Each structure stands twice: as C-alpha cells, then as structure tokens.
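Any read-out appearing in this document is the output of simple, stated calculations on the displayed coordinates, not a laboratory observation. Being a predicted model, the structure only gives us computed values, none of them experimental. Ideal geometry is used to build each Cβ from the backbone, glycine not excepted, and the neighbour counts take in all protein chains shown.
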Amino acid sequence: MRAWNERLVLSLVRQHGALAKSDIARMTGLSAQTVSVIMRALEQDRLLLRGEPLRGRIGQPSVPMSLDAGGAYFLGLKIGRRSADLALVDFLGRVRGARRQVYRYPAPDAVLAFVTEALPILIDTLPRGDRDRIVGMGVAMPFQLWAWVKDIGAPQAEMDAWRDRDIQGELATLAGMPVHVQNDASAACGAELVFGTGERPKDFLYFYFGYFVGGGLVLNGQLFLGRSGNAAGVGPMPVPG
C-alpha cells in the first residue's frame, strides 16, 4: 500500500507541479500524518525537492514539494525502420543526452552494436554519484518488424532474425538494468499522457506519424494496450492518385 501511495503522490506532483502536504492530503483523502511520512521518505530518496516556504495569514508556512530532476534517470531506445535513437532523460522527462544511428534497415545485431557503443557515452554525461540512479530502459519499436520487408527494402533473412531474438532479454543483459519493450505508437501515446501539455481528457485516441501511421489509446486516464499490446493500431491504407 505504501508503494502505491508513493506512486500516487509522485503522479500528482508530476501532473500539477509543486504541491504542499496539505494539497496532497486534500487531493488523495489520505491523512496529514500519512502524507507527511510519504513525502519525507520521497524527499530522503531524492525523488522530491523541498521548495521555499510560503507564508499565509495563519498557521504554519506551506512548503511546496516538486519532483527532483536528478532523482532518477531513464534510457529510451527507439528502434525505427530507418534509424535508432538512444536517449537519456531525467525524472522530469528532459533529454540529457542522445545518440542516433541511421541504417538502411533495422537488423538486430546492428541495433545491439549501436546500443553497446552509445550507452557508455550517455552514462558518462552524468556525475559519478548519479550514474546508479539510471533505473531502466524503455524500448519503442514496431511490432513484427519482419512483416515490413517489402516496404523498407530489407533482405528477408535479416528481418526474419527478429522472430527468434529476445531483444528485451539481450538489451537487459547488455545494459545491466530492467528493460521494457512497447509498440512505438503506444509508447508515444504514453509519453503524451505523462508529459503532454495542457488539459487532456480521460479518454483519447492518439495518432503517431512515423514511417507509417500508428495509433495509441487512453481509456479512463490509463494507456490501453489490448491483448496483443497493439490496441488502436492503424494499418497502412491505399490512397487514390
């Protein structure tokens, strides 16, 4: 329960910006004591950053708490049909460094070689004390890459290699951290849900324009993936002319 409450607090601060303990208690229905314990623990873990006290007319000053940009870092790998990108982002979602590899088609060995070369370069951009705060890697890639042989002009044998490769496991071993693989359109939709600006409805359909058109779906404020992990997928359609 505590872990769930901590995630709830972090999500509220991410969504609304700096919040005081009283704001969190009001928004969650948790007791002031519970909120105080949670936020103190998150501050000690360097996930929340204490702001300047705001004095009101009565009572104790209100202390806003915001996300600590250096509290955690994440790696994001996009495996595209013509290029691969590896980025390092902080806890606020800001890109701290990025590398790109352009290719004719995405072969598994070429992608792994790119990550092997780019990963230490990005890690070295962080202060030594922060490097152990990289908590995982997210991978966005089209599902069933082997089905696009004719569209991208790749050798069938090279693309068939994706069928039997455990790219998630190989990347986890290479990077020494947890790896999560997601359909590229759903990953873009999830990024819009978390980092998008402005008010967003609880339910929306997201269109992703890459080499092809993809789609992502949010229902009741949650990314909906469906049984195959490819919900709201949009296939290529012939256009007259």
Estimated inter-spin distance, ARG96 and MET27, nm [label 7 Å along Cα→Cβ]: 2.4
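Which values, in whole Å and largest first, are the semi-axes of the equivalent ellipsoid of region 1-131 obtained as the square root of 5 times each eigenvalue of the Cα gyration tensor?
Numbers: eigenvalues 315, 42, 29 Å².
Equivalent-ellipsoid dimensions as semi-axes: 40, 15, 12 Å.
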Residues with amide H under 5 Å from that of TYR208, placed H, sequence gap 5 or more: GLY214, GLY215, GLY216
For region 1-75: rounded, prolate or oblate by the Cα gyration tensor [a/c cutoff 1.5]: oblate
For the chain, size of Cβ-based charge dipole, Lys and Arg +1, Asp and Glu -1, in debye: 680
Distance between modelled label sites at MET177 and LEU8, nm, 7 Å Cα→Cβ extension: 2.9
Under 5 Å, built H, 5+ apart or other chain: amide partners of PHE224: LEU217, VAL218, LEU219
Inter-probe distance in nm under a simple model that places probes 7 Å from Cα toward Cβ, at ARG40 and LEU112: 4.9
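Under 12 Å from the Cβ of ALA18, count the other residues' Cβ atoms, weight Lys and Arg +1, Asp and Glu -1, and hand me the total.
Numbers: positive: ARG14, LYS21, ARG50; negative: ASP23, GLU52, ASP68.
Its environment carries a net charge of 0.
Under the 0.36 nm per residue contour assumption, what length would be gained going from the current alpha-carbon distance of ARG82 and LYS202 to full extension?
Working: separation 120, 0.36 × 120 = 43.20 nm, distance 3.36 nm.
Separation in residues times 0.36 nm, less the Cα-Cα distance, equals 39.8 nm.
Quick one: THR197, THR34, fewest Cβ neighbours within 10 Å first, how do they rank?
On the way: THR197 6, THR34 17.
Ordered by Cβ neighbours within 10 Å, fewest first: THR197, THR34.
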